[in-house]
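Below you'll find the structure, written out as structure tokens, and then a few comments.
Read the figures in this text as sums done on the coordinates, not as results from a lab. None of these values were measured; they are calculated from a predicted model. For neighbour counting, all protein chains shown are included, and Cβ atoms are generated from backbone atoms with ideal geometry for every residue, glycine included.
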Amino acid sequence: MKYFTKQVQAFLYQALLTYLVLLNPAKAGPTSEWDSQDFGRVRLISGVSGLGSGAGIELGLEFQLQPGWKIYWRSPGDAGSPPIIETSKSKNLSAIEMKWPWPLRFDEGENLTTVGYLDHIVFPITAYAQNEFQPLALRVYIDYQACKTICIPVSAYAELIVPPGKKDPTQYALLIENFKNYVPIPVNQPSAKI
């Protein structure tokens, strides 16, 4: 009887969590709200509608920048600072990995070179839930620098909930996959061609 009671409690808990996710449409869905500045904006996007059966899920950190503005690669060169994500306030998250698409080089004059991105960039992210039967509540703080003639340090916030359930592709799956195709492959991987 105790086993049955625990199963009922677990089901009711899951039903309540799912109900709360569905009650908050600003947070549940394939994107977070945009965090906007005068020079651009950033948000989280999900390539899947649900957590599926426990494997990682594909997300993206999407930046849209005004003309002439740039953000930086993980190794930014002689100046700048790359986007850094902090996820400690997330719920049901066991691991997260952000990937870095191939960047552009910028000659900044006076023998300075930086490395980064213009216009529109999506950093592919793979996230892993601790429990596939509970919603994954991503609460992500993003620190980055946006530069044109001067650099501006920015702290942004994005929140996205991926519910349990079938892992169907969303309208953002192809966008994330396209940017994932530009992530350099380490030379020691069998698929790398030299």
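Exposure proxy shown here: for V183, V42, the number of other Cβ atoms within 10 Å sets the order, fewest to most, as V183, V42. How much FRET efficiency would the formula 1/(1 + (r/R0)^6) give for Y141 and E108, where r is the Cβ-Cβ distance and R0 is 25 Å, rounded to 0.05? My answer for the efficiency is 0.35. Maximal additional length on extending the L118-K166 stretch stands at 13.8 nm, based on 0.36 nm per residue less the C-alpha distance. Annotation for the stretch 141-156 versus the stretch 27-62: alpha-carbon center distance of 20 Å. Here each label is just a point 7 Å from Cα along the line to Cβ, and for K89 and Q37 those points are 1.8 nm apart. Our estimate of slack between N181 and S53, defined as 0.36 nm per intervening residue step minus the Cα-Cα distance, is 43.7 nm.
Here is the list for the stretch 60-90: trypsin sites (Lys or Arg not before Pro) lying in DSSP coil, each with at most 15 other C-beta atoms within 10 angstrom of its C-beta, are K89. Taking the average, over residues, of other Cβ atoms within 10 Å as the packing measure, peptides 108-116, 92-100 rank 92-100, 108-116 from highest down. Multiplying the residue separation of C151 and D78 by 0.36 nm and removing their Cα-Cα distance gives an extension gain of 25.0 nm. On a per residue basis, the convex hull of the C-alpha atoms belonging to the stretch 27-180 measures out at 97 Å³. Evaluated with a Cβ-only charge set (Lys, Arg +1; Asp, Glu -1), the stretch 27-180 carries a dipole of roughly 400 debye about its Cα centre, given to the nearest 20.
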